[in-house]
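The values are calculated or read from the model by the stated rules, or taken from the named source; none is laboratory data. Here the structure is a predicted model, which is why all the values come from computation and not from measurement. Reconstructed Cβ throughout: ideal geometry from the backbone, glycine too, with neighbour counts over all protein chains shown.
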Amino acid sequence: MPGKSNEKLYFMILRSKKESTKFQILVEIASHQPDVRQKEIADKIGITPQAVSEYIKELVLEGLLFSDGRVRYRVTKKGVEWVLERALELKKYARYVMEDIVSHVSVATAIANENFNKGQTVSLYMNNGLLYAGSGGGDVTGVTISDAKKGEDAGVTDLKGMIHLSEVKITICKVPRVERGGSRNVDLQMLKKHSLDKPYIAAIGVEALIALGKINIKPDILFGAKESVVEAAFHGLSSLVVSVDEEVPSLLNKLEAQGLSYEVVDLSK
C-alpha cells in the first residue's frame, strides 16, 4: 500500500510490545493517579497483575513513574514527555492508516504512464508526489479495474506491497522584515544555492516573494504554504520555504508537531 515515508514510520504500534505496554500503563496511571490499583490496570490492558507490577518497577527505575511505596503512583515530568512523544507517533500512524490504507483499501487512483486494459497487472510508484501506474515488476503491484489510456486516471485494486518514498529535506530560509531591509538585505547567492535541489518551493510573506523573484524563481505556493509543506513532505517531496523571519516560529511548530525534520538558514546579509 502507498505509505508516507520509508524512514519515518517509527510509530508506537510498530515498536516492541513491551514499549507499547509501558505506554498503556502510564496512560492508565496518569488518568487515575495517585490511587491506582494494579489489578484494574491489568484488566484494562489485558495482562496479569504480576506483569503490571514488574512494568511499574521498571518505569520507576527509568524515572518515568514515582511511587511513595504505598501503591500510590504519579507520572513524572519525564514520564509525561515520554507519553506525549509516543502519543504523537500514534497520531501519525493513525493518519497514515486513515489516509493511505483505509482510503485506498478498495481502489487506488494512479496516473497511467501507458495504455492499460482492464484486469492488467501494473506496478505503482511515486513521482513528484503523485502516484503512477506502469508495466513491469515493482515493489507495489495491483490490477486495473478498467481500460485506461496513457495520461488518464487509472483505478487499481488488489494492491500488494508498500511504496517507499525518498528522504524528505525541508530547508527554511529566513528573510528579514522590510523594516530591517527586506529583500534588499538578502544573500541572493545563498538563496539560489538552497533552491537548486528542492522540487517544491514556497514563499511566506511579500519580502520572501520578492527575494525569490530576484533570482527568477516563482514559488509553487504562496498562500497556505505552511500546511502545503507538510502535505508535500507526506508525499515524499522536499521543500524550500522562504519565509519572513517573524513567521518562522509558527512554521517550525507546525513541522515539529508532525514529526518532520528541517534546517533553518538565515539569509540576512
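If you go through the range 93-121 and keep only what is at pLDDT below 70 and of a type outside the set (Asp, Glu), you end up with 93, 94, 95, 96, 97, 98, 101, 102, 103, 104, 105, 106. Residues in the range 50-71 that are at pLDDT below 80 and of a type outside the set (A, V, I, L, M, F, W, C): 68, 69, 70. Got at least one residue in the range 30-40 being modelled with pLDDT of 80 or more and β-branched (Val, Ile, Thr)? No, the range 30-40 has no match at all. For the residues 182, 142, 161, the requirement of being of a type outside the set (Asp, Glu), in contact with an Asp or Glu (Cβ under 7 Å, 6 or more places away or on another chain), at positive phi and crowded, with 18+ Cβ neighbours inside 10 Å singles out 182. The condition of being of a type outside the set (A, V, I, L, M, F, W, C), modelled with pLDDT of 90 or more, more than 30 Å from residue 113 (Cα to Cα) and touching a strand residue (DSSP E or B) at 6+ places or on another chain (Cβ under 8 Å) holds for only one of 192, 269, 174, that being 174. When the test is whether a residue is small (Gly, Ala, Ser) and at pLDDT 85 or above, residue 87 does not pass it. Can you work out which of the residues in the range 221-269 that are basic (Lys, Arg) and assigned to a helix (DSSP H, G or I) is farthest from the chain's Cα centre (by Cα)? This residue is 226. Looking across 131, 159, one residue alone is under 22 Å from the mean Cα position of the chain (by Cα) and hydrophobic (A, V, I, L, M, F, W, C). It is 131.
Scanning the range 45-77 for residues that are within 16 Å of residue 35 (Cα to Cα), among the charged types (D, E, K, R) and surrounded by 13 or more Cβ atoms within 10 Å (Cβ to Cβ) yields a single hit, 74. Of the residues screened, residue 218 is not one that is in a helix (DSSP H, G or I), surrounded by fewer than 17 Cβ atoms within 10 Å (Cβ to Cβ), not assigned by TED's automatic domain parsing to the domain that holds residue 129 and not acidic (Asp, Glu).
Checking each residue in the range 179-215 for being in contact (Cβ under 8 Å) with a residue 12 or more places away in the chain and in a loop (DSSP other than H, G, I, E, B) picks out 181, 187, 197, 198, 199, 205, 214, 215.
A count restricted to the range 240-261 and to residues that are at pLDDT below 90 and under 22 Å from residue 190 (Cβ atoms) stands at 2.
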